[in-house]
Each structure stands twice: as C-alpha cells, then as structure tokens.
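The values are calculated or read from the model by the stated rules, or taken from the named source; none is laboratory data. Everything numeric here is computed off the predicted structure, so don't read it as measured data. We place every Cβ from the backbone using ideal geometry, glycine too, and count neighbours over all the protein chains shown. We work out accessible area using only protein heavy atoms, side chains counted, and drop any ligands, DNA or RNA first. Shrake-Rupley method; radii C 1.70, N 1.55, O 1.52, S 1.80 Å.
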Amino acid sequence: MSLSIRRMVVAALLCTALVAGGTACAGKSGSTEAVARPAAASSSPAERQKLAKTRFVANAGLAAGATYQWIVKPWKAGKFKKGAKGRRFTLIKAGLAGAFTYNRLKAAQRNAKGDPTLSKAVAPLSAGIDKLKDLPKKLRKGDGVDSVSGSFDDIINSVKDAGKSAGAEVKNKVPSAGQLAKG
C-alpha cells in the first residue's frame, strides 16, 4: 500500500472517529466521564468531596495533554500553515483533540463543583470553557488556526492555574487514541 493511500485510510478513520467523538461529546453526562472516574467511587457526600479534586485533576490533565500534543505543539511547529507537509491530517487530529479537550474541561468543571475551593477557583473560567465549544470545527476547517490554538492554550493554562491555587495541581496527561476517539 502506498504512503498516500495509507494516509487517506488513516484520515478516513480519524474523520469517522471525529464524527463519533463529536456525537459522544454532545451529551451532558453518562459514559463521557468514565475516562477519569475512579472505580471505588461511592455515593456518600464525604467521599464525593474527596474524589472531586482527584477527578478534576484527571480530567483537566487529559484536556491539557491533548491540547499540548495535538494543538499547541503542531501550532508552534508551523504545521497548520498553508503548504505545510501533512497539514490536512494535522488539522483533523487537532479538531478531534479540540472536541476531546472541550469534553474533558466540561467534566472537570462539573468535578470542581464537588469541592468548595475548586468551585471558587474554576467558576470564573466557565465562560472561557464554553467559548471553546465551536473551536474544534474551526480547527478541522483550518479557519483562524492561530487564534483558535491560542485560545485552547490560554484556557488550559487558566484551568491549570486555578487548580494549582486550589491545591489540585494539574499535569499534562496525553490521552490514548482510544480515549481521544471516545471523547
């Protein structure tokens, strides 16, 4: 199989995953939080309070890792510029990562509500997170890539800073391809 055919097959698979991931991201809850939910979670309020920071850190870390790996890093390397080798494939991956990032940040925002300190720290970021909703579509199309990439980077850094100020330090955690496709 030639290299160009392989790329087309991979691009088609990513487009399929992107559509499926975008559809999965449309729901408010359900299986989308399963990525970062600890298995031992129970329903008592005291434990939910303790696990809120853990789940926040997991979700925000996955969002930060996806953003850095597939949006910020290629953006800084100039892979989104017209004429760049592999630009279309890079834009597709960035769009998929953008949808994943939005989904994980919304989950982290819900997790933050379970902890009073985190809730206060993350509350001002709600509007910024909501603005990310339409940006993955722009990334896939290649529209305004520099401003879109900068927006993702800014929001991720704000979430990291808010977590750190509340005692929940967020570190980048690059999601697997399966996690990225599931949203």
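For the stretch 55-183, just say rounded, prolate or oblate: build the C-alpha gyration tensor, square-root its eigenvalues into a ≥ b ≥ c, call rounded for a/c under 1.5, and beyond that prolate if a/b exceeds b/c, oblate if not. It comes out prolate by the Cα gyration axes.
Taking amide hydrogens as placed 1.01 Å from N in the peptide plane, the amide H of LYS173 sits under 5 Å from those of LEU62, ALA64, GLY65, ALA66, each at least 5 positions away in sequence or on another chain.
A 1.4 Å probe run over the protein chains yields, for the stretch 124-183, 54 Å² of accessible area per residue, whole-number rounding. Surface composition of the stretch 108-150: carbon and sulfur make up 51 percent of the accessible area, probe 1.4 Å.
Stokes-Einstein D for the stretch 117-160 at 25 °C, 0.890 mPa s, Kirkwood Rh over Cα pairs, in µm²/s? Estimated diffusion coefficient is 221 µm²/s.
With both labels modelled 7 Å from their Cα along Cα-to-Cβ, the THR54 to ARG88 distance reads 4.6 nm. Surface composition of the stretch 57-107: carbon plus sulfur atoms hold 53% of the accessible area, using a 1.4 angstrom probe and ignoring ligands, DNA and RNA.
In terms of its C-alpha gyration tensor, the stretch 129-183 has an oblate overall shape, because the principal axis ratio a/c (a ≥ b ≥ c, square roots of the eigenvalues) is not below 1.5 and a/b does not outweigh b/c. Assign one of three labels to the stretch 49-107, namely rounded, prolate or oblate, based on the Cα gyration tensor with a ≥ b ≥ c the square roots of its eigenvalues; rounded applies when a/c is under 1.5, prolate when it is not and a/b is larger than b/c, and oblate otherwise. Taking the square roots of the gyration eigenvalues as a ≥ b ≥ c, the stretch 49-107 is prolate. The peptide list 145-154, 51-60, 121-130, put in order of mean Cβ contacts within 10 Å with the highest first, becomes 51-60, 145-154, 121-130.
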